[in-house]
Structures are given as structure tokens and as C-alpha cells.
Amino acid sequence: MSTADKAKIPESINARDVTTLTARLAKVLAEEVDLLRAMKIREIEALQQEKQFLIGALESHRRMLAKHPH
């Protein structure tokens, strides 16, 4: 595991954080769908960085929970 990956792993799982991250990701995905429907493909790029950050943060929480399920 790289140093960057270690930095992403949370010290503990906070249900409120996971809920907030999930809700924000859902909003970003909905915005992306709206842009696709409107054929505003170029504007989708602006959402990609935030979407990748949210996915990475949620994945870190998932790994922590898998490693320490109790």
C-alpha cells in the first residue's frame, strides 16, 4: 500500500461521515445525469474530480470496515 493510500484510510468509521459522503455522491451523480440528458457533455468534466474524491473516501471507509468489522 502506497503512502497516499495509507493517508486516505480513516482512523475510525463515522456513520455520519459515510452518510454525508454517500448523499453528496448521489447529488453529484444526479447532476451528471441531468447534464447527460441535456447533452452538456463538456460540463460533466467539472464533476469528475469531486466524484473521484467521494468514491475514494467511501472506498477507504469500506476497506476500514472490512478490515475491522467490529
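The values are calculated or read from the model by the stated rules, or taken from the named source; none is laboratory data. This one's a predicted model, so the numbers in the text were calculated from it and none came from an experiment. Methodologically, a virtual Cβ is constructed for each residue, glycine included, from the backbone with ideal geometry; neighbour enumeration extends over all protein chains shown. Accessible surface is based on the protein model in full, side chains and every heavy atom, while ligands, DNA and RNA are left aside. Shrake-Rupley method; radii C 1.70, N 1.55, O 1.52, S 1.80 Å.
List of remarks:
- For the range 13-70, alpha-carbon Rg relative to the globular expectation (2.2 N^0.38 Å, N residues): 1.34
- The range 8-70 - accessible surface per residue (Å², probe 1.4 Å): 78 Å²
- In this simple spin-label model, placing a label point 7 Å from the Cα along the Cα-to-Cβ direction at both ILE44 and ARG63 gives a separation of 2.7 nm.
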